[in-house]
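*Asks:* Input: one structure, supplied below.
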Ligand SMILES: [Zn+2]
């Protein structure tokens, strides 16, 4: 049976993540798009937590939007049967962990 792996682009608008000379959400989506076919060539079933550069929430309040986006991504991973998940970030500000849990 093929392994199922979830890949997460860490940010989606309206939360762009770190912004400098590049925007985090754009870079992590490009990384996900590069990793996906590599895994698929090894017969891994890839589940993407987001397929567009936007949040999985329609909430207008940014904090609520981020919370709902995270909850919806976690639900998507849990429902997919993924055995593990890789969440991509290109943080710029001293954080050491972005706590995402499932299962
Ligand atoms: Zn990030």
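*Asks:* Could you check the range 71-103 and list, in sequence order, the residues that are at pLDDT 75 or above and over 21 Å from residue 15 (Cα atoms)?
*Replies:* 78, 79, 80, 81, 82, 83, 84
*Asks:* Could you please tell me which pairs satisfy a Cβ distance under 9 Å, a separation of 6+ or placement on different chains, a first residue in the range 16-32 that is free of Cβ contacts under 8 Å to residues at least 40 places away in the same chain and within 24 Å of residue 46 (Cβ to Cβ), and a second residue that is within 9 Å of the ligand (Cβ to nearest atom) and assigned to a strand (DSSP E or B)?
*Replies:* As it stands, the answer is 29/88, since those pairs meet every condition given.
*Asks:* Now a separate question. Hey, residue 43 hits all of (1) within 16 Å of the ligand (Cβ to nearest atom); (2) at positive phi but one; which does it fall short on?
*Replies:* For residue 43, the failing item is (1).
*Asks:* Give all pairs with beta carbons closer than 6 Å in which a residue from the range 77-98 that is more than 23 Å from residue 51 (Cα to Cα) and more than 8 Å from the ligand (Cβ to nearest atom) meets a residue that is at pLDDT 75 or above and assigned to a loop (DSSP other than H, G, I, E, B); count only pairs at least 6 apart in sequence or on separate chains.
*Replies:* Cβ pairs passing all conditions: 92/18.
*Asks:* If I ask for residues that are part of a loop (DSSP other than H, G, I, E, B) and crowded, with 21+ Cβ neighbours inside 10 Å, which ones from the range 1-16 would you list?
*Replies:* 10, 11, 12
The values are calculated or read from the model by the stated rules, or taken from the named source; none is laboratory data. This is a predicted model, so every value here is computed, not measured. Every residue, glycine as well, gets a Cβ built from its backbone with ideal geometry; the counts of neighbours run over all protein chains shown.
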